[in-house]
């Protein structure tokens, strides 16, 4: 163990030396929304960035909130099998990836204590929520090629999409600028094959983009095979000069085997192994998921507009586990209405936005014995919430910008126990209305510097498992987590060549939801205290040479320095106050060198470093820090209407042994060692060929 750990540290030291000149920076920071899909470099100006997370297109130089834009080039970096690499380029964001179907996204340390999934973060694909009624978000189904860009609002800084404690991630569906058809094929290590066929039609009143994809991979580990099929359709019709209809469809069929996490000796000596109990039963999950969103937009006189949307989803899933088989059926239906009015003055502009969102979800799940398929449990939960929001944005001249908003939420759960041999555990959970205000201010000091600050309130309701007591009955005393976030920062640019931004934040959370483990796949929730999330985020980009000339070089990256810890936390009479929150790290950084040798030839060389992370509440063990280095090259050519692209790369060049995800607070079952570690992939390769007709 110690030899390998020391070897890893030596590798990390060598990599840090290599990247001494590539300091904290943000790749793609400043891409203009309208040209991002055609741009082939990471160059751009900060005052060209357009952000629409607050429903109006605003220059990011004026936004009084921590918002990051992920461009198509960032989504395409690496093998692009998932959104993991793109999200990990953003400061304050950490995407843990155990396998292609097991991920956990955390923002500013919030959500790190969730055992196997993502919660306390709201996410949308267009108007379609990717977050369930109890706050769990699934990002594994997203196809990068179907996304035009993403915007991340960090912390409870968005009144319009609910005041989630960690933040909101908005994925914008891809639209097209002209007719095209293209096929993209990727072949990689571990028997990986991916094919994406897409087409687009753009007319005077019509815009249609359609995509179908197939992903197959044997995986690096045993019992790690994945088969995923995706389909998406984004279409818009201009009915009249003032009316537009948008229809968004998305479907996924997935079957993925589960190698699960490993104990330390197995992780160190044979990381390619699956956990023995999951390997023995060939544990896997299989599901079919369909989603839709229909939006009608009206442009009214006097700078008014109305947007009305309906969205829905269904999911049927089956998961074979060592201890039982889980069957799930879920569907939701929702509505969202939004009104906006702009008031224009000689030197100012006011924008009033208001609306409501309704969400209704039915979730039914049953467990069955692996031995004889007998029913072990049969449950149904109806989840309902309403969000009311109001936001006022004021721009005084071109220098002062104020944004204020408030979100009101009412959430209810209705639980029915259909398996009553051990007693009827049915119940309901009504949470008090949550009111979450927000205030942000931005001042443009001069053409090179802007300063912003904000204060905001957020909350997160418990997941369903956290609402139940050990015997299965509803816990009437469980409360949502609530918290306040404060932040101050600045953005700057000089001569269009050097850009730097930094922000300092502190998030204070009370009624801390703690998932107390009671078994290998069982835990209950309690409100156990308070936590504090202070951090410093920095972003820098340097166009070393003129980006409009070739060859050109751009250095970029991000860094986060944080100290996420419990301020008050006692569980089972054990005091954890002052301990670091497990699954978080004090420092991460990402650095990238983008070299364009010619108009059609480019190379990316990037490194991502993650510091050590505590494994449990007691901080009795830590994962080793690690740094992963990657390289890729791209060649583009166009012959009349024929488009060709060759994209190839090496990932984890130095073959670092590391844990790509942790099963935090993993229990010791049957006297065995706790299984904390998901091994990351060793050195691997990929080649992508794209052929298109435009």
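FYI, it's all coordinate maths here, none of it is from the lab. All figures in this text were calculated on a predicted structure; none of them were measured in a lab. Glycine gets a Cβ as well: all are built from the backbone with ideal geometry, and neighbour counts include every protein chain shown.
By the Cα gyration tensor, segment 612-654 has an equivalent ellipsoid whose semi-axes, rounded to whole angstrom, run 44, 11, 5 from largest to smallest.
Legend: P(r) of segment 255-351 from all alpha carbon pair distances, 10 Å bins from 0, whole percents, reading 13, 22, 17, 15, 13, 13, 6, 0.
With the simple spin-label model, which puts each label point 7 Å out from Cα in the Cβ direction, the residue 653 to residue 694 separation comes to 3.0 nm. Note on segment 571-694: Cα Rg divided by 2.2 N^0.38 Å, N the number of residues, gives 1.55. Per-peptide packing, taken as the mean over residues of other Cβ atoms within 10 Å, places 266-274, 220-228 in the sequence 220-228, 266-274 from highest down. In this entry, segment 316-388 is assigned a mean projected area of 7.4 nm², taken as a quarter of its C-alpha convex hull surface. Both radii were evaluated on the Cα set of segment 166-248; the Rg over Rh quotient, with Rh as the Kirkwood radius, amounts to 1.14. Between residue 510 and residue 382, the FRET efficiency estimated from the beta carbon spacing at R0 = 41 angstrom works out to 0.90. Counted residue by residue at 0.36 nm each, then reduced by the alpha carbon distance between them, the extension gain from residue 400 to residue 375 reaches 2.8 nm. At q = 0.10, 0.15 Å⁻¹ the log10 of I(q)/I(0) for segment 326-466 amounts to -0.56, -0.87, computed by Debye summation with a single uniform scatterer per C-alpha, solvent ignored. With a cut-off of 18 Å on the backbone N, the residues of segment 656-694 near the modelled label site 7 Å out from residue 185 along Cα-Cβ are 686-693. Note: segment 117-221, Cα convex hull, 133 Å³ per residue.
Modelled spin-label separation between residue 455 and residue 240, with each label point placed 7 Å from Cα along the Cα-to-Cβ direction: 4.6 nm. Between residue 553 and residue 577, the simple spin-label model (points 7 angstrom out along Cα→Cβ) gives 5.3 nm.
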